[in-house]
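Inspection log for the structure reproduced underneath, given as structure tokens.
The values are calculated or read from the model by the stated rules, or taken from the named source; none is laboratory data. No experiment lies behind these values; they were computed from the predicted model shown. Methodologically, a virtual Cβ is constructed for each residue, glycine included, from the backbone with ideal geometry; neighbour enumeration extends over all protein chains shown. The area values use the complete protein model at the heavy-atom level, side chains included, leaving out ligands, DNA and RNA. Shrake-Rupley method; radii C 1.70, N 1.55, O 1.52, S 1.80 Å.
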There are 2 protein chains.
Amino acid sequence: MRYKCTVAYDGSAYHGFQIQENNLSTIQAQIEQVLKIITKEDTRIYPAGRTDTGVHAYGQVFHFDTVIDMKEWNMKNAINSRLPRDIAIQKVEKVADSFHSRYDAKSKIYHYLIDLGPYDPLKQQYRYYYNHHLDIMLMREAASYLIGEHDFKSFTKNHQITNTVRNLFQLDILKEQNLITFRFHGDGFLHNMVRIIVGMLIEVGRKKIKPEEMEHILSALNRTKAPKIAPPNGLYLSEIRY
Amino acid sequence: MRYKCTVAYDGSAYHGFQIQENNLSTIQAQIEQVLKIITKEDTRIYPAGRTDTGVHAYGQVFHFDTVIDMKEWNMKNAINSRLPRDIAIQKVEKVADSFHSRYDAKSKIYHYLIDLGPYDPLKQQYRYYYNHHLDIMLMREAASYLIGEHDFKSFTKNHQITNTVRNLFQLDILKEQNLITFRFHGDGFLHNMVRIIVGMLIEVGRKKIKPEEMEHILSALNRTKAPKIAPPNGLYLSEIRY
């Protein structure tokens, strides 16, 4: 029996999603620990993607297999009642054994938040406070060079992956009062890709580089051309589409 | 030289404001540690009031004395650059040596947040999630019995204090979508008073007790008549007025 779960979490207290060998606290470790109690056996979960230390999620998805046949609602409650308060399963669905959370994902949506307003110590884990002016129009222009299918090799720190071509369907930049929201929608994202793009768009917004530079950075296929990276606490994995 | 400071903090990671003998992490301990570096001597701070474990503040006030004469803006930056990210000084003012953060406080404003909507693990440290219907009109009616000068002995767990008379100027209950905001304004508050009042107003809102019961609870002068207490994470010390 295969279960698909949608999960939200506050990444602040965790060393990322993926289980670590050194016993560090991770989202996966917390969930698998709970599933071991419920299923009475070691139960591995398979996420649609990993998130790094400090990164949050509203719509992370994972699946797992177990012989335990439980109503979806009951499974959800059984897990949530045992999870720490900063992780919460939003939805449990029984799916076909052929379903795979990662391979079947059609697209993903990430959000990144920058706050230009006064520093708020109660919100600092949930957005990137940046206290300089950013030119949104320039950032939007720079973002337009990234839309579509490109080799995003310049925008990842992981050089072990062979295929670094991804299709970025949309990159919207919204500004409401002091809050800038970046919304990324693509068929997939390389490691650190969203944070590196935001880091470079900030360089454009503060006029350190010109929007059209993005084209050269892309075609360089080299991370040294995109040396900036925005901090993890502004990043949210919002949705996985199937 | 006396400095008055206004400070905001996320109380989630701390064992309350007040310094503890057992070396537990508290807001006061963090700030005094920083002031020791800046002033090069043990420097005690005097807050307008304490907050408990998990309680937040936007407008807590404290004062301290030092021979160091620094511009207000520089003192603020000197402290903030050394504080953990979840504590931030909002304002530093040089004041007369006769100023006392606690004795001179004319009134205090607290907020309490209840969220009736779906549980959000990213906001759970900043509001009380309560997933039952609450009748706001009944709660407002109950609150009206508490306005004015009363002996609030029933609404505190601290029985060592002799004078338990306080003047509650205002208690507003606002509802916007799923969020209920209680705003307390009074000349002073007993230990746990806000949380116990909210706990009892919830009993009224869910129709376990009638609004007019508040009068009897008040006049009983006995905490056993007000046994409920709302959790600390929904509580904010918002403002101290002088």
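Quick look at the numbers
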| read-out | value |
| --- | --- |
| Residue mean of other protein chain beta carbons inside 10 Å, A:88-100 | 1 |
| Global form of the protein assembly as shown, assessed from the alpha-carbon gyration tensor, a/c cut-off 1.5 | oblate |
| Calculated [θ] (222 nm, deg cm²/dmol) that DSSP helices of n ≥ 4 give over chain B, each run adding -39,500 (n - 2.57) | -6500 deg cm²/dmol |
| Given charges at beta-carbon only (K, R positive; D, E negative), |dipole| of the protein assembly as shown in Debye | 140 debye |
| Positive dipole terminus of chain B, leading residue within B:A105, B:M70, B:A220 (C-beta point charges) | B:A220 |
| Residues whose placed amide H lies under 5 Å from that of B:R241, excluding near-sequence neighbours | B:K106, B:S107, B:K108, B:I109 |
| Compactness index (Cα Rg / 2.2 N^0.38 Å), the range B:201-242 | 1.47 |
| Those residues of the range B:143-163 whose amide nitrogen sits under 20 Å from the label point placed on B:H216, 7 Å along Cα→Cβ | B:143-147, B:151-156 |
| Greater than 27 Å apart at Cα, pairs in B:K40/B:K108; A:K36/A:K153; A:K40/A:K123; A:K157/A:K207 | B:K40/B:K108; A:K36/A:K153; A:K40/A:K123 |
| Members of the range A:33-61 that become less accessible by 30 Å² or more once partner protein chains are added (1.4 angstrom probe, chain alone as reference) | A:Y58 |
| Charged-residue dipole, Cβ positions (Lys, Arg, Asp, Glu), the range A:83-146 about Cα centre, Debye nearest 20 | 200 debye |
| Average beta carbon contacts from partner chains per residue of A:105-113, 10 Å cutoff | 0 |
| The range A:215-220 - phi-based ³J(HN,Hα) in whole Hz, Karplus 6.51/-1.76/1.60, Gly and Pro as x | 5, 5, 4, 4, 6, 5 |
| Within the range B:107-241: Cβ-based charge dipole about Cα centre, in debye rounded to nearest 20 (Lys, Arg +1; Asp, Glu -1) | 340 debye |
| Per-residue ³J(HN,Hα) for the range A:29-38, Karplus 6.51 cos²θ - 1.76 cosθ + 1.60, θ = phi - 60°, Hz, x for Gly and Pro | 4, 4, 6, 5, 4, 5, 5, 5, 5, 6 |
| Among B:175-188, B:1-14, the order from most to least packed when residues are scored by Cβ within 10 Å on average | B:1-14, B:175-188 |
| The range A:116-228, Rg to Rh (Cα coordinates; Rh as Kirkwood inverse mean 1/r) | 0.97 |
| Using a Förster distance of 45 Å, the FRET efficiency for A:Q177-B:Y242 (Cβ separation, nearest 0.05) | 0.90 |
| Probe 1.4 Å, accessible area per residue of the range B:156-242, Å² | 49 Å² |
| The range A:111-188 versus the range B:1-33: alpha-carbon centroid distance in Å | 35 Å |
| Amide H contacts of A:G54 (H built 1.01 Å from N, under 5 Å, at least 5 apart or other chain) | A:Y14, A:G16 |
| Accessible area buried between chains A and B, both sides summed, probe 1.4 Å, in Å² to nearest 100 | 1500 Å² |
| Sequence-separation-based contact order of chain B, relative, with Cα cut under 8 Å and 6+ spacing, percent | 24 percent |
| Backbone HN-Hα couplings from phi across the range B:43-60 [Karplus 6.51/-1.76/1.60, Hz, Gly and Pro as x] | 10, 7, 10, 10, x, 5, x, 8, 10, 7, 3, x, 7, 9, 8, 10, x, 5 |
| Binned Cα-Cα distances of the range B:53-195, short to long, each 5 Å bin given as a whole percent | 2, 7, 14, 16, 16, 15, 13, 10, 5, 2, 1, 0 |
| Per residue, the convex hull volume that the Cα atoms of the range A:2-95 enclose (Å³) | 84 Å³ |
| Most positive-pole-ward Cα, B:I136, B:H191, B:H150, against dipole of the range B:107-241 from beta carbon charges | B:H191 |
| Convex hull per residue volume in Å³, alpha carbons only, for chain B | 130 Å³ |
| Shape category assigned to the range A:80-152 from the gyration tensor of Cα positions, a/c cut at 1.5 | oblate |
